Amino acid sequence: MSSRRKFLEKSLGGAIGLTFAPLLMHGVPPAAPDGPIVLSTWNNKKANQAAWSAVESGKSALDVVEIGVKTVEADPKDMSVGYGGRPDRDGNVTLDASIMNAEGDCGSVCFLQDIKHPIAVARKVMETTPHVMLAGEGAQQFALENGFEAENLLTPEAESAWKNWQKEAKYKPIINIENHDTIGMLAMDKNGDLSGACTTSGLAFKMHGRVGDSPIIGAGLFVDNEVGGAVATGMGEAIVKVCGSFLVVELMRQGRTAEEACKAAVERVVKKQKGHKDFQVCFLALRKDGTYGGYALHKGFMYVVSTQAVPTVMDSLHYLKS
Ligand code: GLY
């Protein structure tokens, strides 16, 4: 048994006054790798591959998640994150991102415009300021002062999608499309330390100034290096209302498996939010012992797991059966 596993059994078992329960993942316990692991939301295999190369070169979990999600921020074909993201209803691409390390430090930016890598700005906020979050013009000014370049992030494809939307200008997110928004990534490095990152352009055609869950620590992302980490994707407002990622980590602290904790967070959304059939919410979690799991409200959520160079795409279980 790895020392990491022993440590977790001791700390979690102590917290609930029980020996550690067997880990069950819809029938099949996930094999906990006795080494590093990278998870990310949806189907961004390239992000995991970049992250895994960083793991192999011995980088910290914090570097790993930043490197991983940056590949998606830079990809104009991904219309839900960074450059190429769908704009708000006034045609502005506005970005949200957060990052959290093994020491419990965190940084975030929200409503940031014209900067391709909000995750790097979030990290800079964490590492060089006394603050956690910078917003809007202040975040942009901070980025420019720190050597980030201003650039137009609205691609012709995203502009055309916006013009098309304007014909009716109805705000009705399409489950798993306009909500298929965020990359959240969790990593455990060779030392067994955890970090997480989350970055998005948010809901397509949102109100100008709208900020979702992704830059809010505890909502879109939470990491506790003694217990585990969680990230969220889907309708940000629904995730904020239940402090989703914090909830998942606290449930794992009480002894739930990653999948059980994600499921319980989805059930909380269902219980508290009447309109839940009209939006998607998904959680992905990694425990300190290397076990992991995800759960979604609707069908269609998947996540990518790396414990070696070739990543595996996993389908998540979901709450609503139709
Ligand atoms: N989950 C991302 C957002 O709602 O903005």
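Quick notes
- For the range 250-258, the condition holds for no residue, the condition being that it is within 15 Å of the ligand (Cβ to nearest atom) and modelled with pLDDT of 95 or more.
- Among the residues of the range 274-313, those that are farther than 16 Å from VAL248 by Cα and buried (at least 18 other Cβ atoms within 10 Å of the Cβ) comprise HIS276, PHE279, GLN280, HIS298, PHE301, TYR303, VAL304, VAL305, SER306, THR307, PRO311.
- Considering only residues in the range 212-223 that are crowded, with 24+ Cβ neighbours inside 10 Å and touching a residue at least 40 places away in the same chain (Cβ under 8 Å), the one that is nearest to the ligand (Cβ to nearest atom) turns out to be GLY212.
- From the options ASP88, ASP105, ASP63, ASP75, residue that is under 18 Å from VAL38 (Cα atoms) and surrounded by fewer than 23 Cβ atoms within 10 Å (Cβ to Cβ): ASP63
- Elements of the type strands (runs of 3 or more DSSP E) sitting completely within the range 229-317 and holding at least 2 residues that are hydrophobic (A, V, I, L, M, F, W, C): these cover 281-287, 302-306, 312-315.
- Of ALA187, ALA261, ALA232, ALA204, all but one fail to be within 16 Å of the ligand (Cβ to nearest atom) and modelled with pLDDT of 95 or more; the exception is ALA232.
- Filter result for MET79 (under 18 Å from the mean Cα position of the chain (by Cα) and at pLDDT below 95): yes
- Considering the range 184-215, the residues that are in contact with a Gly (Cβ under 6 Å, 6 or more places away or on another chain) and assigned to a loop (DSSP other than H, G, I, E, B) include one that is nearest to GLN308 (Cα to Cα), namely SER214.
- Residue within the range 146-162 that is within 14 Å of the ligand (Cβ to nearest atom) and part of a loop (DSSP other than H, G, I, E, B) present: no
- When ILE239 is tested against (1) under 24 Å from VAL72 (Cα atoms); (2) touching a His at 6+ places or on another chain (Cβ under 8 Å); (3) within 13 Å of the ligand (Cβ to nearest atom), just one condition goes unmet, and that condition is (2).
- Within the set LYS274, LYS321, the sole residue that is at pLDDT below 95 and over 23 Å from LEU203 (Cα atoms) turns out to be LYS321.
- Test for ALA197: is it in contact (Cβ under 8 Å) with a residue 12 or more places away in the chain and either away from the ligand (no atom under 16 Å from the Cβ) or in contact with a Leu (Cβ under 8 Å, 6 or more places away or on another chain) (or both): yes
The values are calculated or read from the model by the stated rules, or taken from the named source; none is laboratory data. These figures come from a predicted structure and were not determined experimentally. Note: ideal-geometry Cβ built from the backbone for every residue, glycine included; neighbour counts use all protein chains shown.
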